[in-house]
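Student: Next up is a structure, given as structure tokens.
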Amino acid sequence: MPAHEKIDYVEFPARDLAASKSFFHAAFGWTFVDYGPEYAAFSNQGLDGGFFRSELAASVARGSALLVFYSEHLEDTQAKIEKAGGRIVRAIFPFPGGRRFHFREPSGNEFAVWSDAAAPTGEGALEP
């Protein structure tokens, strides 16, 4: 149920609506409801929202808000994103409280994924 004066919904531009839907389904298991050829909605993903057909893309460098996913296994989530066609635009880096990376989905929108879990041990792993 929507909460009074709380964030309830988010909308993203999509240059290629079909590619964005396919990416989020493959990487995160999202399903969509189409509302005509120019809009697709998602729900039950922490925050409900949708994608609308547009030549624009959300980018932090252009002042867009950054939506950040949480992952218990950061490297595994990164691998899923790459396999689904996402492009890593900022490699995993530490910050106070955890580690994160940024990626772009096929329509060019930038997102991030963070984790409070320590980096795996081994060659090339970051130490917390």
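Student: Quick check on packing: order 18-26, 81-89 by the mean number of other C-beta atoms within 10 Å, highest mean leading.
Tutor: 18-26, 81-89
Student: Need one number: % antiparallel among DSSP beta bridges in the chain, to the nearest 5.
Tutor: Just about 65 percent of them are antiparallel.
Student: So, one more: If we count every other residue with Cβ under 15 angstrom of F103's Cβ, Lys/Arg +1 and Asp/Glu -1, where does the sum land?
Tutor: +2
Student: Also, I was wondering about something else. Tell me the relative contact order for the chain as a rounded percent, counting alpha carbon contacts under 8 Å between residues six or more apart.
Tutor: Value for the chain: 24 percent.
Student: Using a/c under 1.5 as the rounded threshold, could you call region 21-68 rounded, prolate or oblate? The axes a ≥ b ≥ c are square roots of the C-alpha gyration tensor eigenvalues, and prolate needs a/b larger than b/c, oblate otherwise.
Tutor: Here region 21-68 falls in the oblate category.
Student: How far is helix 17-28 tilted, in degrees, relative to the longest principal axis of the Cα atoms in the chain, given as a value from 0 to 90 rounded to the nearest 10?
Tutor: That helix lies at roughly 40 degrees to the long axis.
Student: Enumerate the residues in region 1-23 having an amide nitrogen under 12 Å from the point lying 7 Å beyond the Cα of S54 toward its Cβ.
Tutor: Backbone N within reach: 10-15.
Student: Taking the alpha-carbon centroid of each part, what is the distance from region 38-82 to region 1-28 in angstrom?
Tutor: So the separation of the two Cα centres works out to 7 Å.
Student: For the chain, give the magnitude of the charge dipole about the Cα centre (Cβ charges: +1 Lys/Arg, -1 Asp/Glu; no others), in debye to the nearest 20.
Tutor: I would put it at about 280 debye.
Student: Return the label of the correct value of semi-axes √(5λ) of the Cα gyration tensor in Å, as calculated from the structure shown, out of (1) 19, 17, 13; (2) 27, 17, 14; (3) 32, 20, 10.
Tutor: After the calculation, the listed value that fits is (2).
Student: Counting other Cβ atoms within 10 Å of each Cβ, which GluC sites (Glu not before Pro) in region 1-51 have at most 16 and sit in a DSSP loop?
Tutor: Values: sites: E5, E11, E38; in loops: E5, E38.
Sites meeting the loop and neighbour criteria: E5, E38.
Student: Now for a separate question. Taking 0.36 nm per residue of separation and subtracting the Cα-Cα distance, what length does fully extending F95 through Y35 add? Mind showing how you got there, number by number?
Tutor: Values: separation 60, 0.36 × 60 = 21.60 nm, distance 3.94 nm.
Net length gain for the segment: 17.7 nm.
Read the figures in this text as sums done on the coordinates, not as results from a lab. What you see is a predicted model, and the numbers here were worked out from it, not measured in a lab. Quick reminder, even Gly has a Cβ in these numbers, built from the backbone with ideal geometry, and neighbours come from all protein chains shown.
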